[in-house]
Amino acid sequence: MSCIFCKIIKGDIPSYKVYEDENIIAFLDISQITKGHTLIVPKTHVKNIYGLDELLAKKIFQAVPKIAKAIKKTYNPIGMNIINNNDKPHQTVDHFHIHLIPRYKNDKFKIDFINRQDQFNPEDYEKIESEIRQNILDLEE
Ligand code: AMP
Ligand code: ZN
């Protein structure tokens, strides 16, 4: 078993654990992109979002507000980014996790939301809408 997060869950390697229940653990990300940067990790080894069923998703995501509120209460950040990387280009640990990244003035962390609305016309939006909608329906069958 080579998964580093499974090792943390088993207690084979140390972590700075802020929360644990029967389904998840939350511990400080060693990189501390910003002060209080925390990971929420299911105890079940699942590679990423595509491996989650609804029940496991519920167990993981229901912990997010609690831990976000606790970080906010602790450090009073100006904001909070909640990020989950799946596959390329950013997933480096192949065990599902959610990053909670509190934001501070001049913290140098950068996310670019680039508005490309000018490159899409209404027909493009309609085509994208129907393609994704159809695949949601297929998944629900
Ligand atoms: P990602 O790039 O979304 O897969 O994020 C993986 C994260 O795991 C990175 O931000 C790492 O800093 C973090 N990480 C890796 N090893 C450890 C560890 N032993 N303890 C805490 N965080 C870790
Ligand atoms: Zn694992």
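The values are calculated or read from the model by the stated rules, or taken from the named source; none is laboratory data. On a predicted model such as this, the values are computed, not experimentally measured, just so you know. Every residue, glycine among them, receives a Cβ derived from its backbone with ideal geometry; neighbour counts consider all protein chains shown. Note: areas computed on protein heavy atoms with side chains; ligands, DNA, RNA excluded. Shrake-Rupley method; radii C 1.70, N 1.55, O 1.52, S 1.80 Å.
Values as computed for the structure displayed
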quantity: Out of 18, 64, 46, sole residue that is more than 16 Å from residue 100 (Cα to Cα) and either within 13 Å of ligand 1 (Cβ to nearest atom) or out of contact with any Ser or Thr (no Cβ under 6 Å at 6 or more places or on another chain) (or both); calculated: 46
quantity: Close pairs from segment 38-55: first in contact (Cβ under 8 Å) with a residue 40 or more places away in the chain, partner of a type in the set (Asp, Glu) and open to solvent by 10 Å² or more (accessible area, probe 1.4 Å), Cβ under 7 Å, at least 6 apart; calculated: 38/29; 39/29; 47/94; 48/87
quantity: Out of 121, 84, 106, sole residue that is open to solvent by 90 Å² or more (accessible area, probe 1.4 Å) and among the polar types (S, T, N, Q); calculated: 106
quantity: Exclusive hit being open to solvent by 90 Å² or more (accessible area, probe 1.4 Å) and within 16 Å of ligand 2 (Cβ to nearest atom), set 50, 16; calculated: 50
quantity: Hey, residue 88 in a loop (DSSP other than H, G, I, E, B) and either modelled with pLDDT of 95 or more or within 16 Å of ligand 2 (Cβ to nearest atom) (or both) or not; calculated: yes
quantity: Qualifying residue in segment 60-67 (condition: part of a helix (DSSP H, G or I), over 12 Å from the mean Cα position of the chain (by Cα) and within 16 Å of ligand 2 (Cβ to nearest atom)); calculated: no
quantity: Unmet requirement for residue 38, which otherwise passes all of (1) away from ligand 2 (no atom under 13 Å from the Cβ); (2) open to solvent by 20 Å² or more (accessible area, probe 1.4 Å); (3) of a type outside the set (Asp, Glu); calculated: (2)
quantity: Any chance residue 95 is touching a residue at least 60 places away in the same chain (Cβ under 8 Å), under 24 Å from residue 139 (Cβ atoms) and within 16 Å of ligand 2 (Cβ to nearest atom); calculated: yes
quantity: Condition broken by residue 26, with the remaining ones in (1) within 16 Å of ligand 2 (Cβ to nearest atom); (2) in contact with a strand residue (DSSP E or B) (Cβ under 7 Å, 6 or more places away or on another chain); (3) open to solvent by 50 Å² or more (accessible area, probe 1.4 Å) satisfied; calculated: (3)
